[in-house]
Amino acid sequence: MSVQVFYTSVSGSIELKKHQQKIIDILESKKIPHKLVDIAQNSDDKDLMRKIAGNPTALPPQICNGDVYCGDYAAFDMAVEAGELELFLKL
């Protein structure tokens, strides 16, 4: 299984872009292998993100490990602050 970050390359929200970039920066700085999935490029990816999240209206960024849902940005940020990122990512 590998960590996947569902994000969007098309957004007018600066806050959303900052959240997405923070996730990517932290994963890269900790050398955690991950795959970026741009839901703006393929609606099937958006449907998959929402299915894994268990929420038909979920918005990016969303994080999963394989088919196991990890959480959204708020949960990711809390895990980083608590020093529990590996546990959050189910590594």
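Report yes if some residue within the stretch 32-46 is hydrophobic (A, V, I, L, M, F, W, C), surrounded by 12 or more Cβ atoms within 10 Å (Cβ to Cβ) and part of a helix (DSSP H, G or I); otherwise report no. Lay out the reasoning, then the answer.
Filtering the stretch 32-46 down to residues hydrophobic (A, V, I, L, M, F, W, C) leaves 32, 36-37, 39-40.
Those left that are additionally surrounded by 12 or more Cβ atoms within 10 Å (Cβ to Cβ): 32, 36-37, 39-40.
Then drop every residue that is not part of a helix (DSSP H, G or I), which leaves none.
No - not one qualifying residue is present in the stretch 32-46.
Among the residues of the stretch 62-80, write down those that are assigned to a loop (DSSP other than H, G, I, E, B) and open to solvent by less than 60 Å² (accessible area, probe 1.4 Å).
Residue satisfying the conditions is Gly66 alone.
Would you pick out the residues in the stretch 1-31 that are open to solvent by 50 Å² or more (accessible area, probe 1.4 Å), of a type in the set (Val, Ile, Thr) and under 17 Å from Ala58 (Cα atoms)? Within the stretch 1-31, just Val10 meets the criteria. Only one of the numbered conditions (1) assigned to a helix (DSSP H, G or I); (2) open to solvent by 50 Å² or more (accessible area, probe 1.4 Å); (3) out of contact with any Gly (no Cβ under 9 Å at 6 or more places or on another chain) is not met by Gly83, and that is (1). Every test in (1) open to solvent by less than 60 Å² (accessible area, probe 1.4 Å); (2) part of a loop (DSSP other than H, G, I, E, B); (3) not aromatic (Phe, Trp, Tyr) is passed by Leu59 save one, and that test is (1).
The values are calculated or read from the model by the stated rules, or taken from the named source; none is laboratory data. Quick caveat, the model's predicted, so the values are computed rather than measured. For neighbour counting, all protein chains shown are included, and Cβ atoms are generated from backbone atoms with ideal geometry for every residue, glycine included. Please note that ligands, DNA and RNA were not included when accessible areas were found on the heavy atoms of the full protein model with its side chains. Shrake-Rupley method; radii C 1.70, N 1.55, O 1.52, S 1.80 Å.
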